[in-house]
1. How many residues, within the range 1-24, are surrounded by 14 or more Cβ atoms within 10 Å (Cβ to Cβ) and more than 12 Å from Met56 (Cα to Cα)?
2. Before we move on, is Val66 exposed (fewer than 12 other Cβ atoms within 10 Å of the Cβ), within 13 Å of the chain's Cα centre (by Cα) and not small (Gly, Ala, Ser)?
3. Among the candidates Gly58, Gly50, single out the residue that is in contact with a Ser or Thr (Cβ under 9 Å, 6 or more places away or on another chain) and either basic (Lys, Arg) or closer than 16 Å to Trp12 by Cβ (or both).
4. Give Asn87, Asn117 a once-over and let me know the one that is assigned by TED's automatic domain parsing to the domain that holds Glu162 and loosely packed, with under 10 Cβ neighbours inside 10 Å.
5. Is there a residue being of a type in the set (Gly, Ala, Ser) and outside any helix (DSSP H, G or I) anywhere in the range 38-60?
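The values are calculated or read from the model by the stated rules, or taken from the named source; none is laboratory data. All values reported here derive from a predicted model rather than from experimental measurement. Counting neighbours? That spans all protein chains shown, and the Cβs are built from the backbone with ideal geometry, glycine included.
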Amino acid sequence: MAGRPTKYDSSWHPELVFLLARDGLTDKQIADRLGVARSTFDEWKKRHPGFKEHLMAGKKEPDDLVEKCLFQRATGYNYVEERVLINEGKPVVVKVMKHEPPEKTSMIFWLKNRRPNKWRDKHDIDVNENINITAQVSYTIEFLKKHHPAVYKELVSSLENEYYNG
């Protein structure tokens with residue numbers, strides 16, 4: 001017994017899914033735009049390798065951009081701001097170098113995801129072969145910044161180095 005004919009069309013679905021993913025849509029939102037159920041969308045990913053490859057390629061660019069922005073928020077960054085001033089009755093555009101300092105929530109998020117064994121809140125400690133003790137450990141960037149500024153600076157430097165050098 002054959003099921004309904006598929007709506008999948010390899011001549012245009014892969015390219016469309018690439019564009020929608022590149023625009024930041026979720027799988028559910030893409031399925032809705034294609035007029036199919038999420039389960040059908042997931043089935044297409046399994047049955048049509050080109051479809052899945054285009055979806056993943058479309059997600060890469062915005063994901064990379066968000067990762068870069070998160071890193072900048074975690075480590076701080078410089079940027080140029082343009083201001084319009086009036087000089088002798090005429091507007092003059094002046095470029096001003098500004099600095100956005102590191103943002104602690106971004107630092108914590110980055111560390112918990114990039115180095116979970118060291119920075120996650122929950123650590124499993126194997127005391128011996130038969131006993132597992134879970135210790136709740138809470139790290140805060142604010143504590144490091146306030147009580148150990150050298151360690152804080154080293155952490156920021158390490159994050160910058162790891163990001164830029166892989």
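1. The total comes to 3.
2. Spelling it out, Val66 is indeed exposed (fewer than 12 other Cβ atoms within 10 Å of the Cβ), within 13 Å of the chain's Cα centre (by Cα) and not small (Gly, Ala, Ser).
3. Among Gly58, Gly50, only Gly50 is in contact with a Ser or Thr (Cβ under 9 Å, 6 or more places away or on another chain) and either basic (Lys, Arg) or closer than 16 Å to Trp12 by Cβ (or both).
4. Criteria check complete, one pass: Asn117.
5. There is no residue in the range 38-60 that is of a type in the set (Gly, Ala, Ser) and outside any helix (DSSP H, G or I).
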